[in-house]
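Inspection log for the structure reproduced underneath, given as structure tokens.
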Amino acid sequence: MKVKIEWYLPCVMLACLIVVSITFGAIYFYNVKLDVEVLDRIPSPKKIKAMLLVDGAYNDQGWSQAHVDAFIEAIDQLQVIGEIHDNVQGDECYNFIKHFVEQGGDVIVAPSAKYNQCLNESVAKYPSIKFLGIIDPKLAPSPNLLTFFAKAYQVRYLTGIIAASISDSDSFGFFVATKTPESVRAINAYALGLRSVNPHAKLYVIDFNTWDAKDLEVPALDYLFEVHPDIKVLSYHMTSHYIDQYCDIMGLKCISYNISKSDNYPLSNLTSIEWNWGGFYKIILSRIINNSFEPGELLLSLRFGTVRLGHVNRMLSFVNTSLVDHKMSDFLQNKKDVFDGPLFDNQGKLRVPLGGTVSRSDLLYNIDWYVDGVEEVPYENAK
């Protein structure tokens with residue numbers, strides 16, 4: 001499905017106020033008012049055209065839908081002429097960009113690693129066009145490119161605390177589309193959160209080595225439970241929601257990713273790592289309107305509200321909320337990060353000494369090792 005959206009209303013004064021409320025089920029809630037940004041200039045009368053490309057369906061209940069919903073919200077508020085294309089694969093990216101540029105487009109948003117090669121070539125070919133992509137070591141810096149992500153690994157840590165608090169098993173399962181610095185951060189943070197509550201926790205990981213794993217997921221789930229039948233909580237770093245369905249059918253607990261699944265799976269959904277890109281897109285598009293675009297790399301903190309801890313299942317009143325609250329406070333105030341030392345990898349090697357931390361560069365681009373407690377489960381059908 002291809003979706004095209006256009007607005008032609010007069011530009012008005014824009015004020016962007018980021019107010020973050022991270023709600024913790026019926027137990028208690030966080031109300032955070034930080035990193036407020038107000039743009040006090042009237043946008044230029046000149047219209048801008050922005051295009052979003054996503055590699056999944058616009059309503060996939062995952063990564064693509066999170067960006068589509070946020071993009072629609074932003075272009076609606078800013079009266080930007082918007083164009084959205086879903087299910088765009090890597091090679092198709094070139095044709096969409098070429099046509100959009102020929103039609104007078106200004107901004108192209110392509111938040112998927114599948115578009116890395118396409119973006120690198122297009123950024124160089126069209127220097128007057130602004131491009132937005134996900135932080136990735138394969139994207140070359142450029143004066144017309146902004147790469148972005150958020151500290152989702154901090155929320156992963158919090159979900160590890162929650163998972164270990166409700167399970168009487170030492171075994172936990174995790175499914176990942178492919179091994180990248182982003183997914184390694186997620187796995188390690190989750191494992192560290194688990195072991196902060198249960199020092200004996202083991203996280204068993206299956207890597208599909210592909211983002212298109214929907215035909216592999218159910219057999220892999222069955223296989224994981226053959227070798228580790230005591231697992232009671234699953235989590236994942238993928239674009240689909242088949243694992244949520246599996247948990248619901250099998251009576252397991254699941255930690256979801258991308259958008260909330262609590263309404264769809266009220267019994268099995270434990271909590272979620274949720275994305276809300278609306279505020280980010282509003283700020284970046286408004287800067288482009290006002291000719292104040294800045295290229296580079298943005299790693300957004302929890303204070304920004306782009307990634308957050310979703311509703312915790314209200315039936316789980318015994319979750320260790322005091323520990324979650326303490327760690328959330330540390331992250332919001334930058335007192336302590338997830339990857340502060342000492343940290344050992346799963347081979348017993350000291351990776352980060354006491355008093356040290358994983359550098360920003362290594363965290364974003366180079367980390368390829370798992371922390372103590374993580375074990376990869378070989379799956380023969382992985383691509």
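By how many degrees, between 0 and 90 and to the nearest 10, does the Cα long axis of helix 93-102 differ from the longest principal axis of the chain?
Roughly 20 degrees between the two axes.
Tell me, how many Å apart are the Cα centres for segment 337-363 and for segment 223-297?
26 Å
Check cross-link reach from Lys49 to the lysines: straight Cα distance under 20 Å, and skip same-chain residues fewer than eight apart.
The reachable lysines, counting only those whose Cα sits under 20 Å from Lys49, are Lys2, Lys4, Lys98, Lys125, Lys130, Lys282.
Give the percent of DSSP beta bridges with both residues in the chain that are antiparallel, rounded to the nearest 5.
Values: 16 of 58 bridges.
Expressed as a percentage, antiparallel bridges in the chain total about 30.
Counting other beta carbons within 10 Å of each residue's own, what order do Arg287, Arg156, Arg314, Arg195 fall into, fewest first?
Details: Arg287 17, Arg156 27, Arg314 12, Arg195 20.
Fewest-to-most Cβ neighbours within 10 Å comes out as Arg314, Arg287, Arg195, Arg156.
Quickly estimate the mean residue ellipticity at 222 nm for the chain, helices only: each DSSP H run with n ≥ 4 gives -39500 (n - 2.57), and the total goes over all residues, rounded to 500. The partial results should precede the final answer.
Working: 9 runs with 115 residues, N = 383.
That calculation yields -9500 deg cm²/dmol at 222 nm.
Determine how many Å³ per residue the convex hull of the Cα atoms of the chain encloses. Present the calculation step by step, with values, prior to reporting the outcome.
Details: hull volume 52.8 nm³, N = 383.
Spelled out: Cα convex hull of the chain, divided by residues, is 138 Å³.
Does segment 100-163 classify as rounded, prolate or oblate by the C-alpha gyration tensor (a ≥ b ≥ c root eigenvalues; a/c under 1.5 gives rounded; else a/b over b/c gives prolate, otherwise oblate)?
Numbers: a/c = 3.31, a/b = 2.69, b/c = 1.23.
Note, shape of segment 100-163 comes out prolate.
So for segment 277-350, Kirkwood radius off the Cα pairs, Stokes-Einstein at 4 °C and 1.567 mPa s: how many µm² s⁻¹?
On the way: Rh = 16.1 Å.
Rounded to a whole number, D works out at 81 µm²/s.
Could you let me know the centre-to-centre spacing of segment 76-107 and segment 153-194, using Cα atoms, in angstrom?
Going from one Cα centre to the other spans 35 Å.
Cβ under 9 Å from Asp372's Cβ, Asp372 left aside: what net charge do those residues give with Lys, Arg +1 and Asp, Glu -1? Intermediate results must be reported in sequence, preceding the final value.
Numbers: positive: Arg195; negative: Asp345.
Summing Lys/Arg as +1 and Asp/Glu as -1 gives 0.
On C-alpha positions alone, give me the angle between the axis of helix 63-78 and the longest principal axis of the chain, in degrees, nearest 10.
Helix 63-78 sits at roughly 40 degrees to that axis.
Any number yet on Rg/Rh for segment 273-316, C-alpha, Kirkwood?
Values: Rg = 14.5 Å, Rh = 12.4 Å.
With Rg and the Kirkwood Rh in hand, the quotient comes to 1.16.
Readers should treat all values here as calculations from the given coordinates under stated rules, not as data from a laboratory. Because the structure is a prediction, the values reported are computed rather than measured. Reconstructed Cβ throughout: ideal geometry from the backbone, glycine too, with neighbour counts over all protein chains shown.
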